[in-house]
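Trainee: The structure under discussion is supplied below as structure tokens; questions concerning it will follow.
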Amino acid sequence: MTGVMTKRISAGWRWFADFRRTRPFWGGLWLMLGGWAVMRLTVAPIEVVLSAGASGIAGYLLGGGMMGLALLAWFSPSQRTVCGVLGTVFAVAAFVASNLGGFLVGTLLGVLGGTMIFGWGPKRSRREDRGAAEVEGTESPVEAAA
């Protein structure tokens, strides 16, 4: 019984490790936490939000947008450039529009996550690096460092 559980846990951990390595995981996590902070720290009763109009609902829209962009970056890594730029813009806009961006915490986490998503690139193997260097006629960065 414990052998089956160990195999399932091991398989689940391998799946999560592969998921994490093939996507902008950490940037998405920081952007999502920033969106949560913007939404959570600007929470008011729904009557207050509706009576305040656009300024009251900005925290929900910007924070929810940041969280949605983080999920999009995770599940569609090819859209990482758009998600990173828009996530950073939403985080900066939250600083102005919603209670100092979750008292600055949400803005800082959002900007960190958005820039990490924007800067992420799929991991290339050493074999691909070596093949690209042979095509260019130069040595690979790995060989140059050795």
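Trainee: Please determine, by comparing only the residues of region 71-115 that are over 11 Å from the mean Cα position of the chain (by Cα), buried (at least 18 other Cβ atoms within 10 Å of the Cβ) and of a type in the set (Ser, Thr, Tyr), which one is farthest from residue 60 (Cα to Cα).
Mentor: The residue in question is 107.
Trainee: Follow-up question, since we're still on this one. Of the numbered conditions (1) closer than 30 Å to residue 54 by Cα; (2) at pLDDT below 95, residue 113 fails exactly one; give the number of that condition.
Mentor: Result: residue 113 passes all but (2).
Trainee: Regarding region 120-131, can at least one residue be identified that is under 14 Å from residue 23 (Cβ atoms), modelled with pLDDT under 85 and either of a type in the set (Gly, Ala, Ser) or surrounded by fewer than 16 Cβ atoms within 10 Å (Cβ to Cβ) (or both)? Steps first, answer last, please.
Mentor: Keep residues of region 120-131 that are under 14 Å from residue 23 (Cβ atoms), which gives 120-123.
Next, only the ones that are modelled with pLDDT under 85 stay: 122-123.
Then drop every residue that is not either of a type in the set (Gly, Ala, Ser) or surrounded by fewer than 16 Cβ atoms within 10 Å (Cβ to Cβ) (or both), which leaves 122-123.
Yes; the residues of region 120-131 include at least one that is under 14 Å from residue 23 (Cβ atoms), modelled with pLDDT under 85 and either of a type in the set (Gly, Ala, Ser) or surrounded by fewer than 16 Cβ atoms within 10 Å (Cβ to Cβ) (or both).
Trainee: Could you tell me whether residue 92 is farther than 25 Å from residue 21 by Cα and modelled with pLDDT of 90 or more? Explain how you work it out, then say what you get.
Mentor: Numbers: farther than 25 Å from residue 21 by Cα: yes; modelled with pLDDT of 90 or more: yes.
Yes, satisfied.
Trainee: I'd like to check which helices (runs of 4 or more DSSP H) are fully inside region 1-120 and have at least 2 residues that are among the β-branched types (Val, Ile, Thr).
Mentor: 2-21, 46-52, 80-97, 105-119
Trainee: Only one of these conditions is not met by residue 60: (1) surrounded by fewer than 20 Cβ atoms within 10 Å (Cβ to Cβ); (2) touching a Gly at 6+ places or on another chain (Cβ under 9 Å); (3) aromatic (Phe, Trp, Tyr). Which number is it?
Mentor: So residue 60 meets the others, but not (2).
The values are calculated or read from the model by the stated rules, or taken from the named source; none is laboratory data. All values reported here derive from a predicted model rather than from experimental measurement. Note: ideal-geometry Cβ built from the backbone for every residue, glycine included; neighbour counts use all protein chains shown.
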